[in-house]
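Written out below as structure tokens is the structure these notes cover.
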Amino acid sequence: MNNEALHAYLTEQVPDATFDTSGEWLNVQVSVAAFRPLTEKLKKELQFNFLFCLTCVDWKTHLTMVYHLRSTQEGHHLVVKVNLDTQQPQIHTVCDLWRTAEFHEREVYELFGVDFLHHPDLRLLILPDGWEGKNPLRKDFDDPVNMIKL
Amino acid sequence: MFCLQPISSSAAKQAGFPGEVHETPGGGVVLSKLDDLINWARSNSLWPLTFATSCCGIEMMAVASAKYDFSRFGFEVARASPRQADVIIIAGTIVNKMAPVLKRLYDQMADPKYVIAMGACAISGGPFFYNTYSVIKGADHIIPVDVYIAGCPPRPEALLHALITLQEKIKKGYTREQIRQGSNS
Ligand code: SF4
């Protein structure tokens, strides 16, 4: 499937989605509510069987979840983005669709404080115990003991 | 005093052997101090610990490989156990979580033990000095360091130079404590 066909398919599925076609891969931005049903369709109908990157960006005004998907059968790619609220970032997990997300979501949980609903084991991945609630990759994170500010 | 026979004076000089050679008919006699001999032997057989925490480690591996080959200078075999190692080359970033592990490795090494801080990260936190919550600003906050090498990463030649510098330091024979006392008095 090429980017145009993906574009048409997504517009049909999520009418209020916005797109960025400037890059090599098609970027689609959807709402939190539309995200979970869409991912299920992407996996089942478009054979996106490989989640090769899952990360989060702090824009200060909001957070953006970024999912990079690839189909190893069809060879097509898609980047799905979802904006989240800074105060209460919540999104449905995708680790039941792509198992790799289990660790990546734990990482985003500890570094950005995103709450992944229905995640089977949402706890710290690398940070030592006691870091819950402090999210070091947030722009407003402060650590006066260890951090030297520039 | 320590005696060894027979050895020619030019061969002794070539090997950097400590002591004086007194030529006699049919050979020579070497006079040396046992301490100097021990240091000389020690400096030429330093086994590094297999320890690398980030990119500098790749450069360290290059120095161990055939092209640069630190075995030529007596850094024979990298040991996977701290109990068999003489020198620890801190090749890479040390983070807060790694610090206690580094300390434990150092404590497990048998005396005499030496430390080389390789690269900006090990010296001061380097590229991660500012705005980071996790990086130790210099491995010498954790364990004492004998030789520092600047660079990010240092060239293989720089590591070789640091290894030779460490050998020179060992041959001089002062312990860290003696050096500290000397500078205080
Ligand atoms: S000094 Fe540079 S090359 Fe060495 S570990 Fe740090 S960042 Fe990597």
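The values are calculated or read from the model by the stated rules, or taken from the named source; none is laboratory data. Quantities reported herein were computed from a predicted structural model and do not represent experimental measurements. Cβ sites come from the backbone with ideal geometry, for glycine too, and all protein chains shown count toward neighbours. Protein only, heavy atoms only, side chains kept; ligands, DNA and RNA dropped before computing areas. Shrake-Rupley method; radii C 1.70, N 1.55, O 1.52, S 1.80 Å.
What number goes with the only condition from (1) assigned to a loop (DSSP other than H, G, I, E, B); (2) within 14 Å of another protein chain (Cβ to nearest Cβ); (3) at pLDDT 90 or above that A:Asn146 does not pass?
(3) is the only condition that A:Asn146 fails.
Would you kindly identify the helices (runs of 4 or more DSSP H) lying entirely within the range B:52-141 that contain at least 1 residues that are within 16 Å of the ligand (Cβ to nearest atom) and within 14 Å of chain A (Cβ to nearest Cβ)? Write out each step before concluding.
Numbers: elements: B:56-64, B:99-108, B:119-124.
Output list reads B:99-108, B:119-124.
Taking the range B:113-132, which residues are open to solvent by 40 Å² or more (accessible area, probe 1.4 Å) and touching a residue at least 24 places away in the same chain (Cβ under 8 Å)? Explain how you work it out, then say what you get.
Step one: list which residues in the range B:113-132 are open to solvent by 40 Å² or more (accessible area, probe 1.4 Å), which gives B:123-124, B:127-131.
Selection gives B:Ile123, B:Pro127, B:Phe128.
For the range A:113-127, which residues satisfy the criterion of being within 14 Å of chain B (Cβ to nearest Cβ) and open to solvent by less than 60 Å² (accessible area, probe 1.4 Å)?
A:Leu124, A:Leu125, A:Leu127, listed by residue number.
Right, A:Glu40: away from chain B (no Cβ under 14 Å) and open to solvent by 40 Å² or more (accessible area, probe 1.4 Å) or not?
Numbers: away from chain B (no Cβ under 14 Å): yes; open to solvent by 40 Å² or more (accessible area, probe 1.4 Å): yes.
Here the answer is yes, as A:Glu40 does meet what is asked.
Being of a type outside the set (Ser, Thr, Tyr) and open to solvent by less than 40 Å² (accessible area, probe 1.4 Å) is the filter; apply it to the range B:34-51 and report the residue that is farthest from the ligand (Cβ to nearest atom).
Step one: list which residues in the range B:34-51 are of a type outside the set (Ser, Thr, Tyr), which gives B:34-42, B:44, B:46-49, B:51.
Cutting the leftovers down to open to solvent by less than 40 Å² (accessible area, probe 1.4 Å) gives us B:37, B:39, B:46, B:48-49, B:51.
On the way: B:Leu37: 37, B:Asn39: 30, B:Leu46: 21, B:Pro48: 16, B:Leu49: 17, B:Phe51: 12 Å.
Among them, the one singled out is B:Leu37.
Go through (1) within 16 Å of the ligand (Cβ to nearest atom); (2) assigned to a helix (DSSP H, G or I); (3) surrounded by fewer than 18 Cβ atoms within 10 Å (Cβ to Cβ) one by one and return the number of the condition B:Cys152 breaks.
In the conditions (1) within 16 Å of the ligand (Cβ to nearest atom); (2) assigned to a helix (DSSP H, G or I); (3) surrounded by fewer than 18 Cβ atoms within 10 Å (Cβ to Cβ), B:Cys152 misses (2) alone.
Could you check A:Trp98 against (1) away from chain B (no Cβ under 14 Å); (2) in a loop (DSSP other than H, G, I, E, B); (3) open to solvent by less than 60 Å² (accessible area, probe 1.4 Å); (4) without any contact (Cβ under 8 Å) to a residue 40 or more places away in the chain and say which number it fails?
(4)
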